[in-house]
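Visitor: Below you will find the structure I want to go over with you.
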Amino acid sequence: MKIKNSGRKLTYEDIISFEDDHNIKFTKLYTKFLLENNGGDTGENNIFKISDNQGESVLDVFLGIDFKHYDLSQDIDIYSGRMPNEFIPIACDPGGNIICLGIKNEYYEKIYFWDHENENEDADMSNMYFLAYNIYEFIANLRECPQPE
């Protein structure tokens, strides 16, 4: 699947500098993704399943480094302390929910959905839903948004 409307092309040095500035370490596959696509959207293929109980949501946009209104740095700052520290935000849906990447421990490389409507002060896993084992599996599982008749 092609990502559209990405930000500027990144170098490996850009990513290392970003990691150093934010005291984080991206996963191997997410680093590859950023080098290929610095943020952007998937066009019509943007529906994903959260869970049987939660239903589906729409991928709005992937965040990027120095990427207009969808800046990864800004969202890392906004959600720091609001979600478990094993995760960083990497994308959002139109309702203010976040698609997260696990960067530590047993969550490494895994993609989760963070439901902002059930946010709690403990920043625990109670409002987090597993989506995929890595960024590329998440993208492969996206399906086309049905067109109104």
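Throughout, read-outs are computed from the coordinates displayed, never taken from laboratory work. Note that the structure is a prediction, hence the values are computed from the model and not measured. Don't worry about glycine lacking a Cβ; one is built from the backbone with ideal geometry, like all the others, and counts go over all protein chains shown.
Visitor: Which residues, taken from region 102-115, are within 16 Å of Asp60 (Cβ to Cβ) and either touching a residue at least 60 places away in the same chain (Cβ under 8 Å) or surrounded by fewer than 21 Cβ atoms within 10 Å (Cβ to Cβ) (or both)?
Guide: If we filter region 102-115 for residues that are within 16 Å of Asp60 (Cβ to Cβ), which is where we start, we get 111, 113-115.
Matches in region 102-115: Phe113, Asp115.
Visitor: For region 118-128, indicate whether the set of residues that are among the hydroxyl-bearing types (Ser, Thr, Tyr) and out of contact with any helix residue (DSSP H, G or I) (no Cβ under 8 Å at 6 or more places or on another chain) is non-empty.
Guide: Going residue by residue through region 118-128, those that are among the hydroxyl-bearing types (Ser, Thr, Tyr) are 126.
Next, from what is left, pick out any that are out of contact with any helix residue (DSSP H, G or I) (no Cβ under 8 Å at 6 or more places or on another chain): none.
No: zero hits.
Visitor: Looking only at residues that are touching a residue at least 12 places away in the same chain (Cβ under 8 Å) and part of a strand (DSSP E or B) in region 70-97, which one is farthest from Phe138 (Cα to Cα)? So that I can check it myself, show each step before the final result.
Guide: From region 70-97, those touching a residue at least 12 places away in the same chain (Cβ under 8 Å) are 70, 72-73, 75-76, 79, 81-97; that's our starting set.
With part of a strand (DSSP E or B) added as a condition, the list becomes 83, 87-92.
Working: Met83: 20, Phe87: 16, Ile88: 15, Pro89: 14, Ile90: 12, Ala91: 11, Cys92: 13 Å.
Residue satisfying both the conditions and the ranking: Met83.
Visitor: So, one more: Quick one: is Phe67 assigned to a helix (DSSP H, G or I) and more than 22 Å from Met128 (Cα to Cα)? Even if it seems obvious, please write down each step before you answer.
Guide: Values: assigned to a helix (DSSP H, G or I): no; more than 22 Å from Met128 (Cα to Cα): yes.
So Phe67 does not fit the description; no.
Visitor: Against the condition in contact with a helix residue (DSSP H, G or I) (Cβ under 6 Å, 6 or more places away or on another chain) and within 18 Å of Ile3 (Cβ to Cβ), how does Leu142 come out, does it pass?
Guide: no
Visitor: Follow-up. Scan region 2-17 and tell me whether some residue there is in contact (Cβ under 8 Å) with a residue 12 or more places away in the chain, touching a Cys at 6+ places or on another chain (Cβ under 7 Å) and on the phi < 0 side of the Ramachandran plot.
Guide: No - not one qualifying residue is present in region 2-17.
Visitor: Among the residues of region 20-56, write down those that are small (Gly, Ala, Ser) and under 13 Å from the mean Cα position of the chain (by Cα). Break it down stepwise before answering.
Guide: First, pick out the residues of region 20-56 that are small (Gly, Ala, Ser): 39-40, 43, 51, 55.
Scanning region 20-56 gives Gly39, Gly40.
Visitor: Looking at region 31-45, is at least one residue touching a residue at least 60 places away in the same chain (Cβ under 8 Å), surrounded by fewer than 16 Cβ atoms within 10 Å (Cβ to Cβ) and not basic (Lys, Arg)? So that I can check it myself, show each step before the final result.
Guide: Of region 31-45, the ones touching a residue at least 60 places away in the same chain (Cβ under 8 Å) are 33, 42, 44-45.
Okay, now just the ones that are also surrounded by fewer than 16 Cβ atoms within 10 Å (Cβ to Cβ), so 44.
If we keep only those that are not basic (Lys, Arg) as well, we get 44.
Within region 31-45 (the criterion being touching a residue at least 60 places away in the same chain (Cβ under 8 Å), surrounded by fewer than 16 Cβ atoms within 10 Å (Cβ to Cβ) and not basic (Lys, Arg)), the answer is yes, since at least one residue qualifies.
Visitor: Within region 116-129, track down each residue that is loosely packed, with under 15 Cβ neighbours inside 10 Å and in contact (Cβ under 8 Å) with a residue 40 or more places away in the chain. Please lay out each step first, then the result.
Guide: Taking region 116-129 first, the residues loosely packed, with under 15 Cβ neighbours inside 10 Å are 117-118, 120-122, 124, 126.
Result: Asp124, single match.
Visitor: Now, a different point. Say whether the condition of being surrounded by 16 or more Cβ atoms within 10 Å (Cβ to Cβ), in contact with a Ser or Thr (Cβ under 9 Å, 6 or more places away or on another chain), closer than 16 Å to Asn134 by Cα and β-branched (Val, Ile, Thr) is met by at least one residue in region 48-55.
Guide: First, the residues of region 48-55 that are surrounded by 16 or more Cβ atoms within 10 Å (Cβ to Cβ): 48, 50.
Retained after the next criterion (residues that are in contact with a Ser or Thr (Cβ under 9 Å, 6 or more places away or on another chain)): 48, 50.
Now drop any that are not closer than 16 Å to Asn134 by Cα, which leaves 48, 50.
The next check asks that each one be β-branched (Val, Ile, Thr); those that pass are 50.
Scanning region 48-55 turns up at least one residue that is surrounded by 16 or more Cβ atoms within 10 Å (Cβ to Cβ), in contact with a Ser or Thr (Cβ under 9 Å, 6 or more places away or on another chain), closer than 16 Å to Asn134 by Cα and β-branched (Val, Ile, Thr).
Visitor: Also: Hey, any hits in region 29-38 for a residue that's in contact with a helix residue (DSSP H, G or I) (Cβ under 6 Å, 6 or more places away or on another chain), part of a loop (DSSP other than H, G, I, E, B) and of a type outside the set (Lys, Arg)?
Guide: no
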